[in-house]
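Asks: Take this structure, written in structure tokens, and hold onto it; I'll ask about it next.
The values are calculated or read from the model by the stated rules, or taken from the named source; none is laboratory data. Because the structure is predicted, anything quoted here is derived from the model rather than measured. As a convention, Cβ positions derive from the backbone with ideal geometry for all residues, glycine included, and neighbour counts pool all protein chains shown. Note: accessible area is taken over every heavy atom of the protein model, side chains too, but ligands, DNA and RNA are not part of it. Shrake-Rupley method; radii C 1.70, N 1.55, O 1.52, S 1.80 Å.
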Amino acid sequence: MDKLGLPGVDGMLFDLGVSSPQLDDPERGFSYMKDAALDMRMDQTALLTARTVVNEWPEEELRRIFYQYGEERHAPAVAAAICRTRRERPVETTLELADLIRRAMPAAALREKQHPAKRVFQAVRIAVNDELRAVEAMMDVAVEHLSPGGRLCVISFHSLEDRIVKLKLAGLVKGCTCPPDFPVCVCGKKPRVRLVSKKPITPGQRELAENPRARSAKLRVAEKL
Ligand SMILES: [Zn+2]
């Protein structure tokens, strides 16, 4: 925007959903249904791949990302199974990983509607691409470039992402970053935005009928002060 010489814009919409073409490309190693090398990089020049995360990150770290980024209840069992396997030989492909996850799950989890590997794959993808930190940084830059009264809209597709967006917006609403026990503000940071609606906006029946992929979408809107 600086290059375009724009002083500010009146609205920005960020769609945090990964583009379907990227996920549908079997070569990129995002899918637990098609066999490919473990990659999952959105940016092909980045150094960290899913193969490194799965084969080299410590067991506690795997457990943490499966819990936090995948909201996977069986994180300890899956992390332990991965570490057991990779002591013999590295996990190289998406189907190897998916199969290993399936075998680590208790029988009850395998009867769920979701594919048993879905949450762990999501977690690895978020870790590989450092997606959550990218979201926060993007929102800072966006608010910077909005004109007063301009609106920032963010659509997220899973609860973890939505939580990050919600917390980030709360910080921008409050402005001040002083510890809560300080009697007076010393940081001098002022509120940057106000929330247009407190609750996130979700798709209605008609939109869901036309586009089932919108099922988990949440839209949050803030207005620059
Ligand atoms: Zn302060």
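Asks: Of Leu38, Leu4, which residue is more than 19 Å from Val135 (Cα to Cα) and either open to solvent by 50 Å² or more (accessible area, probe 1.4 Å) or without any contact (Cβ under 8 Å) to a residue 12 or more places away in the chain (or both)?
Replies: Leu4
Asks: Ile65 - would you say it is at pLDDT 95 or above and aliphatic (A, V, I, L, M)?
Replies: No: the conditions fail for Ile65.
Asks: Which residue is farthest from Lys189 (Cα to Cα), if the candidates are limited to the stretch 143-176 and must be among the β-branched types (Val, Ile, Thr) and open to solvent by 10 Å² or more (accessible area, probe 1.4 Å)?
Replies: The qualifying residue farthest from Lys189 (Cα to Cα) is Ile155.
Asks: List every residue pair whose Cβ atoms lie under 7 Å apart, where the two residues are 6 or more positions apart in sequence or sit on different chains, the first residue falls within the stretch 167-182 and is closer than 18 Å to Lys199 by Cβ, and the second residue, located anywhere, is open to solvent by 40 Å² or more (accessible area, probe 1.4 Å) and among the basic types (Lys, Arg).
Replies: Leu172/Arg192; Val173/Arg194
Asks: Taking the stretch 184-207 as the search range and keeping residues that are open to solvent by less than 50 Å² (accessible area, probe 1.4 Å) and in contact with a helix residue (DSSP H, G or I) (Cβ under 7 Å, 6 or more places away or on another chain), which one is farthest from the ligand (Cβ to nearest atom)?
Replies: Per the criteria, the residue is Pro203.
Asks: Is there a residue being of a type outside the set (Lys, Arg), within 16 Å of the ligand (Cβ to nearest atom) and not assigned by TED's automatic domain parsing to the domain that holds Leu62 anywhere in the stretch 156-170?
Replies: Yes, there is a match, as at least one residue in the stretch 156-170 is of a type outside the set (Lys, Arg), within 16 Å of the ligand (Cβ to nearest atom) and not assigned by TED's automatic domain parsing to the domain that holds Leu62.
Asks: Of the numbered conditions (1) modelled with pLDDT of 90 or more; (2) within 11 Å of the ligand (Cβ to nearest atom); (3) not aromatic (Phe, Trp, Tyr), Pro180 fails exactly one; give the number of that condition.
Replies: So the condition that Pro180 fails would be (1).
Asks: Please count how many residues of the stretch 70-107 are over 22 Å from Arg28 (Cβ atoms) and among the polar types (S, T, N, Q).
Replies: 1
Asks: Still on this structure: Among residues belonging to the stretch 68-82 that are in a loop (DSSP other than H, G, I, E, B) and not charged (D, E, K, R), point out the one that is modelled with the highest pLDDT.
Replies: Out of the qualifying residues, it is His74.
Asks: Of everything in the stretch 7-35, what is surrounded by 13 or more Cβ atoms within 10 Å (Cβ to Cβ) and modelled with pLDDT of 90 or more? Give them in sequence order.
Replies: Selection gives Val9, Gly11, Met12, Phe14, Asp15, Asp35.
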